[in-house]
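The structure under discussion appears below in the form of structure tokens.
The values are calculated or read from the model by the stated rules, or taken from the named source; none is laboratory data. Every value quoted in this text rests on a predicted model; they were computed, and no experiment measured them. Using ideal geometry, Cβ is built from the backbone for each residue, glycine included, and neighbour counts are taken over all protein chains shown.
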Ligand code: GLC
């Protein structure tokens, strides 16, 4: 439909129809499905309101979508179609590793492919929009939704955000009906709640917001994401959903975003408990003034905008603008011409959870599983007698908290994966305990018995999938005590223990890490539908692990937030003698993370040498070339994520001790070496100044290249940026 026709359509709509278009309802109001992802309250809806809501969330399945759209259109006076939206966060039916795992792959092509497949399965199942990518930067593992993020670094998050948008939307969303529109969320800085407590206040300067937290959202929008979702939290004292500075001044004016802004579930009504709206009418006015187009699952707009308009408390043009943005989105999706878009029962049966998609999910998991410790015991040999113990041994709860349509029963467990390698008489299995409850004496005895008989113990530990995700903050990020108790009993046997982890956040695994009996630690996250196959392929050596953490593992929760790029402070510990008292440090743990950002081991080893830069004096018109030689010094082929960091030694404001500015994931055969080249230009040297301008300073810059953000492994050189 042409723009002028959309204007004509808007002109034909009654005021009530316009206001109704701004409402999003959950599936249950259209078909009998329980699609609750937020506080559904008694909403006092009428049939007419349901028949005229503009969008719906949580309906999928080609037949259901077609039937719902048909019924809806039959009743809609002007024939304006519904948009079908849902949370397809890391897969529709074929579930990929959680985003925090995909973040550890540092593989944007892989991320894009997982999004493309997610979009394909979603679109043939009738969906038009996904509430993804979630690009909230995270530094606090107490917060349960770190599992949904790609991690603690603005640059890596931005690269992956762009890849997800490309995968979801493709290049022509109108014609390619087997893609879906991306909704970047949660705008903004939802990942920084005080104390890691879900939905809590977010306190930070605008400068820090712009420097660390906003780049991911901006990158997704620059890549063409069609929608933005408001965050539940406040930003500098004003809830995002009512924050005119954030939504009008920054998002719409400064960033020029004219797409649809949708509230998170109930976030408009929550302006009342936040304490910025005295009642739902004021909440409606504040949200609309902030430019929120769709109110998800509450009725402030529907129940109060008419009165507000009548009373002149809100201008009619604000309603018109919001409706027009929704009509534009429907038009961009081609829904006026084809209200069923990609919904196709036949294609759905062929494609959803296909073997090819499972293969992609397995590869994604293999590239996302991080080897944190290995004494050399891994990879295992198939003739070894293995005792597979722990709640993760046969668990299929490995899809993660946001796997919506994913079916755990179709996931491959670790035990199933291992059975492909290890003869049944050599693979002994005993759970020993549940995730949160101790095993019976018999169960523990059985675990100890098979451990005694084994050459090696695989101890599969971790969280339930509902211990992370939304509304799942934890103040204590240890593994559950019952699991540590089981570990302590197994440790006494003196057998080598390979710990595998299924979890949705960095955990306090110091005890395991520092135990000599723990010969290896493999972080598998929630690896998705093919998780057990991927993990087994790594444990048995078919796949050489290559992932590196995109979020730091702290020594303990007291160290949180810990991230790789803090400011230096006036009394840095680095360079001071160990016994110097008055420096920025702890008495009981190091300052660095137990396992830092960018860290991950391989079954081979890599050396870094011969760091060269093209000039030691860089001018604004030049590009700095950085060369480093990387060699596979082991005897098997392996992938390495080569990381480039810089440090602006003196800035107008203090600068982080390092910032990721580039990376390359390469594959080298045994003994193969390669010269890796990075380029830097002035743009990478810019940062947000005190006056919020984004610009560079002249002066000295350090260049660091290596296998992780840890200082020990980084080659360093420097240059001066001059005018
Ligand atoms: C939830 C989440 C949001 C999700 C929405 C719809 O509360 O905060 O990420 O997209 O509701 O399910």
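Listing for the model above:
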| quantity | calculated |
| --- | --- |
| Residue within the range 172-183 that is in the same structural domain as residue 224 (by TED's automatic domain parsing), in a loop (DSSP other than H, G, I, E, B), within 14 Å of the ligand (Cβ to nearest atom) and in contact (Cβ under 8 Å) with a residue 24 or more places away in the chain present | yes |
| Lone qualifier among 343, 365, 387 - being under 33 Å from the mean Cα position of the chain (by Cα) and assigned by TED's automatic domain parsing to the domain that holds residue 424 | 365 |
| Subset tally (residues that are away from the ligand (no atom under 15 Å from the Cβ), closer than 18 Å to residue 291 by Cα and under 17 Å from the mean Cα position of the chain (by Cα)) for the range 212-236 | 2 |
| Any hit, the range 427-435, residues being closer than 19 Å to residue 535 by Cα and part of a helix (DSSP H, G or I) | no |
| Test: residue in the range 655-667 that is more than 27 Å from the chain's Cα centre (by Cα) and either at pLDDT 95 or above or assigned by TED's automatic domain parsing to the domain that holds residue 215 (or both) | no |
| All positions within the range 41-79 that are part of a loop (DSSP other than H, G, I, E, B) and on the phi < 0 side of the Ramachandran plot | 41, 42, 43, 45, 46, 53, 54, 59, 60, 76, 77, 78 |
| Residues located in the range 356-399, provided they are assigned to a helix (DSSP H, G or I) and touching a helix residue (DSSP H, G or I) at 6+ places or on another chain (Cβ under 9 Å) | 356, 357, 358, 360, 361, 362, 363, 364, 365, 366 |
| Of all residues making up the range 689-717, the number that are touching a helix residue (DSSP H, G or I) at 6+ places or on another chain (Cβ under 9 Å) and under 30 Å from residue 594 (Cα atoms) | 4 |
| Enumeration of residues in the range 677-723 that are surrounded by 13 or more Cβ atoms within 10 Å (Cβ to Cβ) and in a helix (DSSP H, G or I) | 682, 684, 685, 711, 713 |
| Filter result for residue 353 (surrounded by fewer than 24 Cβ atoms within 10 Å (Cβ to Cβ), assigned to a loop (DSSP other than H, G, I, E, B) and touching a helix residue (DSSP H, G or I) at 6+ places or on another chain (Cβ under 7 Å)) | yes |
| Unmet requirement for residue 256, which otherwise passes all of (1) closer than 13 Å to residue 228 by Cα; (2) surrounded by fewer than 24 Cβ atoms within 10 Å (Cβ to Cβ); (3) within 16 Å of the ligand (Cβ to nearest atom) | (3) |
| Test: residue in the range 65-72 that is within 16 Å of the ligand (Cβ to nearest atom) and modelled with pLDDT of 95 or more | no |
| Number of the exception - residue 262 against (1) farther than 20 Å from residue 250 by Cα; (2) buried (at least 22 other Cβ atoms within 10 Å of the Cβ); (3) touching a residue at least 40 places away in the same chain (Cβ under 8 Å) | (1) |
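Quick grid of which residues meet (1) farther than 30 Å from residue 6 by Cβ; (2) part of a loop (DSSP other than H, G, I, E, B); (3) away from the ligand (no atom under 16 Å from the Cβ):
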site	(1), (2), (3)
81	no, yes, yes
85	no, no, no
89	yes, yes, no
112	yes, no, yes
126	no, yes, yes
